[in-house]
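In what follows, a single structure is set out as structure tokens and then discussed.
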Amino acid sequence: MKGRVIEMDLLKQISDFLQQGDDGKVFDLTKQAIEENIAPKDILDLGLIAGMNVIGEQFRKHEIFLPDVLLAARAMYSGMDQLKPLLIKEGIPSAGKVVIGTVKGDLHDIGKNLVGIMLRGAGFEVIDLGKGVFAEQFVETAVKEQAKVIGMSALLTTTTPLMKNVTDLLRENGLNNQIKTIIGGAPVSKEFAQEIGADAYAYDAAKAVECVKQLIDLA
Amino acid sequence: MRPTVTFLNDRLIEQIISEARQILCVLGVEIHNKGVLSLLSDYGARVNMKTYHVVFTQEVIEAALKTVPGSFKLFDVMGNETHNFSKHRIHFTPGSAAINILDHRSQKIRKPSTKDYVDYVKVVSQLENIASQSTALIPDDVHEGFSDSYRLFLSLLYCEKPVVTGTFKAESFTVMKDFQVAVRGTDKALVEKPLSIFSCCPTSPLKWSDVTSQNVVDCAKYSIPVEFISMPLSGFVAPVTLVGTLIQHTAETLSGIIISQLTNPGAPILYGGSPAIFDIRYETTPMGAVETMMVDCAYNEIGKSLGIPTQAYISLSDAKQLDAQAGIESGIGAVLAALSGINNISGPGMLDFESCQSLGKLVLDNEICGMVFRLIEGIEPKEDFPALPIFQELLKEGHLLISKHTRTYLKDEHFFPGPVINRSNRARWEDEGSLTLEDRAVNEVEKLLDNYRPSELTDNIKRELVSLMEREAQRYGQNNLPERPE
Ligand code: B12
């Protein structure tokens, strides 16, 4: 019982320091927790993810801003990098893989990059195909990597049709139940997502995280 | 005396330019275009073809700066001079390339069609304080492969004013150049009388894409004017300080100038941009932020110090509708831009982070621009000294409403905006229907649409434009263009 209390105390400290964006402390405490034989899954869920959840919630409520989230995410990764080999060894799956990219013909990638950063911060594994990405590339990568979600970005009116090529391709290959799609960027909308048969639309990075979580539960 | 505003002193300008040049000579830039890289290498820049990386020398920068024209002019489709980009002369142009239109009748935001584009052009053709058109909307009812060139086609067909435009992909350049040659008659005539300006964007930080660097080269070859649109976002992909942002903007713009001037020494350019701060709360790039406007005015001073005419995306708003925020942000921007002497001021009509054009806002902004033109005329003595005679007349007559002095100077001294800006007293305003600003703007738009008179471009040239456009459309498998309004 006493051991459990100390353990909880340590995990809470990890969560607290993570919220403060102190990557040095999170690194040391995660190391300590591993040495004290606390289950990696507990360190992840009750330490790192618990801290990121608080951050995510505060961000959603506009109590903190993007840089605070990025600092926290960096702290999370200082712990996560140590945990990852252990989690893999124990066969514990990651939160899920997401393939993202800016569609072909479009070189706007600032928004997509932000979404990628925030998804990583929320514990997802992100495969970023960069910009100028072809429909086939999105689908092939998702299949190869067993990703559950494809996230597409477009900032030009003229490049949005490519998004439909991706949703069509998934449907034609019977993949639309296991691979979900989410889109974003100034010229697209919820209505456009519905029109092309994409599963979700998000107007910013925080919303993107929320939607991807829901999609992963569905996929 | 013309009123002015300045943000930088000479020493700071010098420091900023010197740091920017050092960045170009130490860190260099990435240019994803082999043709451009080999050109630069021929002139002595250090190029790595594998990493698309180029490091400049002070000599290359100097050579490019030497050949930049200190001024140039634009001419309308009929060949009349409309713009003189020199000294502190200012010209307004509508904010360009919006994704959406704010429908003036329904007040709803939606994707624009050919009809919307033509309506927009009809309105702009009659706005006296807005000297050029811009290709301000992307019609949604044609194949996306040619919707960039289609805008220029419609503009040249319906309105005589010169056009601020740009391509979305390198292939579109040819037909967009051909349209202009068709209007002027020959390549040479187009060089002598430029008809358009192309916006070309580096990618912050310190990068050029294949498409946009190719645009710079293509325009330079035909001496088509280019405005460089560097877009550092302070605190995100640029330093958070305004000085740091200016250093980056200077480096990126200089790199564009080098590409242009080494391709064709003397090719006309505007030292432009669309920098913004990054609002970390909303993940947005506010064009109406006061810091954004300060950076615009400041890089204009840097451009001027290099002897180059300037451009900026200023006098636009991030409001989502025609509300007080739209007026405040556009008004402050227009005033600052004019006081700074930014030569080409891109903004009127634009809302929502450069993504929504509004005809209602355009007619309001036209009046704001009118006030601004009056503002920069400043306060000058006319027949004011000696003062005794006019006061003797005033005391004798009891008023000066029909005095010769008043009749001579009224029009120059006072600018009367309206009908969007309303100056009637309350009772009259109520009697005339208590119209809101939005109502008045809508009425004005409708009136202009009714009053539109077609461009006087000859039918032959119009037919040639149509056949060029049809051929381009066919390349994308579209055999019929949408029906065009009268
Ligand atoms: C910065 C910018 C650029 C930079 C891009 C740098 C880069 N590395 O990305 C540069 C200068 C290079 C550039 C170039 C051009 N641009 Co530009 N650009 C912009 C600008 C001002 C801001 C975009 C931005 O970064 N915003 C900040 C980020 C954080 O927001 P965001 O991108 O919207 O992303 C958020 C959400 O949308 C969402 N999201 C985005 N992606 C995704 C993906 C997923 C999966 C999810 C869930 C969510 C999501 O979350 C993000 C985070 O909050 C916009 C204006 C605007 N209103 O968007 C014009 C704009 C998009 N550009 C425009 C144009 C025309 C161009 C050019 C064609 C100009 C030219 N003639 O050369 C070229 C593009 C050439 C090409 N083939 O792509 C037009 C588009 C017009 C249209 N109707 O299509 C706009 C609207 C401006 C304008 N009116 O002219 N541009």
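In segment A:108-138, which residue that is within 14 Å of A:Val166 (Cα to Cα) and crowded, with 22+ Cβ neighbours inside 10 Å is nearest to the other protein chains (Cβ to nearest Cβ)?
If we take residues in segment A:108-138 being within 14 Å of A:Val166 (Cα to Cα) and crowded, with 22+ Cβ neighbours inside 10 Å, then A:Val133 is nearest to the other protein chains (Cβ to nearest Cβ).
Which condition does B:Lys169 not pass, out of (1) more than 9 Å from the ligand (Cβ to nearest atom); (2) in contact (Cβ under 8 Å) with a residue 24 or more places away in the chain, if it passes all the others?
(1)
Which of the following residues is of a type in the set (Val, Ile, Thr) and within 14 Å of another protein chain (Cβ to nearest Cβ): B:Ile61, B:Ile90, B:Ile109?
One residue alone meets the criteria, B:Ile109.
Name the residues in segment B:399-413 that are open to solvent by less than 60 Å² (accessible area, probe 1.4 Å) and not aliphatic (A, V, I, L, M), would you?
B:Ser403, B:His405, B:Thr406, B:Tyr409
Among the residues in segment A:36-47, are any in a helix (DSSP H, G or I), among the β-branched types (Val, Ile, Thr) and farther than 30 Å from A:Ala202 by Cα?
Taking every residue of segment A:36-47 in turn, at least one turns out to be in a helix (DSSP H, G or I), among the β-branched types (Val, Ile, Thr) and farther than 30 Å from A:Ala202 by Cα.
I'd like to verify a number: residues in segment B:115-142 that are assigned to a helix (DSSP H, G or I) and away from every other protein chain (no Cβ under 14 Å), how many?
Result for segment B:115-142: 8.
Which is of a type outside the set (Asp, Glu), more than 13 Å from the ligand (Cβ to nearest atom) and within 20 Å of the chain's Cα centre (by Cα), of A:Ala154, A:Ala219?
Criteria check complete, one pass: A:Ala219.
Quickly run through segment A:162-214 and pick out the residues that are within 11 Å of the ligand (Cβ to nearest atom), open to solvent by 10 Å² or more (accessible area, probe 1.4 Å) and modelled with pLDDT under 95.
Matches in segment A:162-214: A:Asp204, A:Ala206, A:Lys207, A:Val209, A:Glu210.
Filter segment B:40-90 for residues that are over 21 Å from B:Phe373 (Cα atoms) and of a type in the set (Gly, Ala, Ser) and give the result.
B:Ser41, B:Gly44, B:Ala45, B:Ala63, B:Ala64, B:Gly70, B:Gly79
Given (1) surrounded by 18 or more Cβ atoms within 10 Å (Cβ to Cβ); (2) closer than 23 Å to A:Ala219 by Cβ; (3) touching a residue at least 60 places away in the same chain (Cβ under 8 Å), where does A:Ala95 come up short, assuming only one miss?
(1)
Can you name the number of the only condition in (1) without any contact (Cβ under 8 Å) to a residue 40 or more places away in the chain; (2) within 20 Å of the chain's Cα centre (by Cα); (3) more than 30 Å from A:Lys104 (Cβ to Cβ) that B:Lys161 fails?
Going through the list (1) without any contact (Cβ under 8 Å) to a residue 40 or more places away in the chain; (2) within 20 Å of the chain's Cα centre (by Cα); (3) more than 30 Å from A:Lys104 (Cβ to Cβ), B:Lys161 breaks only (1).
Tally the residues that are exposed (fewer than 15 other Cβ atoms within 10 Å of the Cβ) and in contact (Cβ under 8 Å) with a residue 40 or more places away in the chain, restricting the search to segment B:415-427.
The total comes to 1.
Return the pair list, or none, for Cβ contacts closer than 7 Å from residues in segment A:147-163 that are within 9 Å of another protein chain (Cβ to nearest Cβ) to residues that are in a strand (DSSP E or B), at least 6 apart or on different chains.
Matching pairs, first to second residue: A:Thr159/A:Val103.
I want to confirm something. Restricting to segment B:263-285 and keeping residues that are aliphatic (A, V, I, L, M) and either open to solvent by 10 Å² or more (accessible area, probe 1.4 Å) or part of a helix (DSSP H, G or I) (or both), which single residue is farthest from the other protein chains (Cβ to nearest Cβ)?
The selected residue is B:Ile277.
Of everything in segment B:176-223, what is of a type in the set (A, V, I, L, M), within 13 Å of the ligand (Cβ to nearest atom) and touching a strand residue (DSSP E or B) at 6+ places or on another chain (Cβ under 8 Å)? Give them in sequence order.
Those that are of a type in the set (A, V, I, L, M), within 13 Å of the ligand (Cβ to nearest atom) and touching a strand residue (DSSP E or B) at 6+ places or on another chain (Cβ under 8 Å): B:Met176, B:Ile197, B:Leu206, B:Val216.
Residues are listed down the side, and each one gets a yes or a no for (1) without any contact (Cβ under 8 Å) to a residue 40 or more places away in the chain; (2) surrounded by 20 or more Cβ atoms within 10 Å (Cβ to Cβ):
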{"residue": "B:Gln261", "(1), (2)": "no, yes"}
{"residue": "B:Glu291", "(1), (2)": "no, no"}
{"residue": "B:Asn300", "(1), (2)": "no, yes"}
{"residue": "B:Ala312", "(1), (2)": "no, yes"}
{"residue": "B:Gln321", "(1), (2)": "no, no"}
{"residue": "B:Gly331", "(1), (2)": "yes, no"}
{"residue": "B:Asn344", "(1), (2)": "no, yes"}
{"residue": "B:Cys356", "(1), (2)": "no, yes"}
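Restricting attention to segment B:33-74, and to residues there that are β-branched (Val, Ile, Thr) and assigned to a helix (DSSP H, G or I), which single residue is most open to solvent (accessible area, probe 1.4 Å)?
Here the answer is B:Thr67.
The values are calculated or read from the model by the stated rules, or taken from the named source; none is laboratory data. Because the structure is predicted, anything quoted here is derived from the model rather than measured. Note that we place each Cβ from the backbone using ideal geometry, even for glycine, and neighbour counts take in every protein chain shown. These area figures cover heavy atoms from the full protein model, side chains too; ligands, DNA and RNA do not enter into them. Shrake-Rupley method; radii C 1.70, N 1.55, O 1.52, S 1.80 Å.
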